[in-house]
Every structure is written in structure tokens, then in C-alpha cells.
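The values are calculated or read from the model by the stated rules, or taken from the named source; none is laboratory data. In this text, all values refer to a predicted model and were calculated from it rather than measured experimentally. Neighbour counts run over all protein chains shown; Cβ positions are idealised from the backbone, glycine included. These area figures cover heavy atoms from the full protein model, side chains too; ligands, DNA and RNA do not enter into them. Shrake-Rupley method; radii C 1.70, N 1.55, O 1.52, S 1.80 Å.
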Amino acid sequence: MASKGHFVVYTDDKKRFVVPLEYVSKMIFGELLRMSEEFGLPSNEPIGITLPCDGTFSEYVIYLVQVHMPEDLEKALLSLLWQHAKARDRVQLL
């Protein structure tokens with residue numbers, strides 16, 4: 001359970017993060033949440049929202065949001081993440 005004004009997300013390596021709700025308004029978190037629906041990981045256990053990235057990447061994104069990352073960096077990270085998610089999705093289909 002997250003404290004008031006926060007939400008919980010998990011990563012594909014099952015790390016748990018408690019994130020401030022205000023982060024949802026950031027482009028990168030909005031995209032990560034959309035991608036979690038589109039490229040969601042199959043799971044036998046209902047753990048909650050699972051982001052399509054690992055814990056290390058999530059820690060980096062949270063840090064960059066905290067220090068107000070430039071928009072061009074945010075777009076570059078999203079581009080890499082989309083490429084990774086699409087590649088992973090193709091592999092799962094095989």
C-alpha cells in the first residue's frame with residue numbers, strides 16, 4: 001500500500017517502487033504506464049502495474065524526473081524504451 005499522494009509500480013524484474021502521483025504528469029511516466037498496458041508482462045500473480053523496464057532503468061528515470069530532465073533526453077529515453085519493448089514483444093511471440 002502506498003502512502004497518500006503516491007502509487008506503487010513494479011518492474012519486469014519484480015522490483016517495487018513507490019512513486020509520487022505528480023510523476024504521472026511527466027511524459028516519460030505517462031508513456032511507461034501506457035506501455036505497461038500495451039506490452040504488459042504475463043503474470044500468474046496479480047502484483048499490480050508492471051512497467052516494461054527493469055529496476056535499474058526505473059531508478060534512473062526517477063532520478064532524472066527529480067532533477068527535471070531536459071525534454072530531449074526524455075524523448076530519447078522513450079525512443080529506446082519503445083525499441084526495447086517492441087523487440088521483447090517479438091521475442092515472446094516466437
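Go through the range 15-25 and give me each residue that's within 12 Å of the chain's Cα centre (by Cα) and either farther than 17 Å from E59 by Cβ or surrounded by 16 or more Cβ atoms within 10 Å (Cβ to Cβ) (or both). Scanning the range 15-25 gives F17, V19, Y23, V24. Taking the range 48-64 as the range and being touching a residue at least 24 places away in the same chain (Cβ under 8 Å) and either within 14 Å of S36 (Cβ to Cβ) or aromatic (F, W, Y) (or both) as the test, the residues that pass are G48, I49, T50, L51, P52, C53, D54, F57, S58, V61.
Would you tally the residues in the range 1-14 being open to solvent by 90 Å² or more (accessible area, probe 1.4 Å) and under 14 Å from the mean Cα position of the chain (by Cα)?
Filtering the range 1-14 for residues open to solvent by 90 Å² or more (accessible area, probe 1.4 Å) gives 1, 4, 14.
Right, trim to under 14 Å from the mean Cα position of the chain (by Cα) and you get 14.
Residues flagged as open to solvent by 90 Å² or more (accessible area, probe 1.4 Å) and under 14 Å from the mean Cα position of the chain (by Cα) within the range 1-14 amount to 1.
Summed over the range 1-13, residues that are touching a residue at least 40 places away in the same chain (Cβ under 8 Å) and either over 18 Å from E37 (Cβ atoms) or among the polar types (S, T, N, Q) (or both) total 2.
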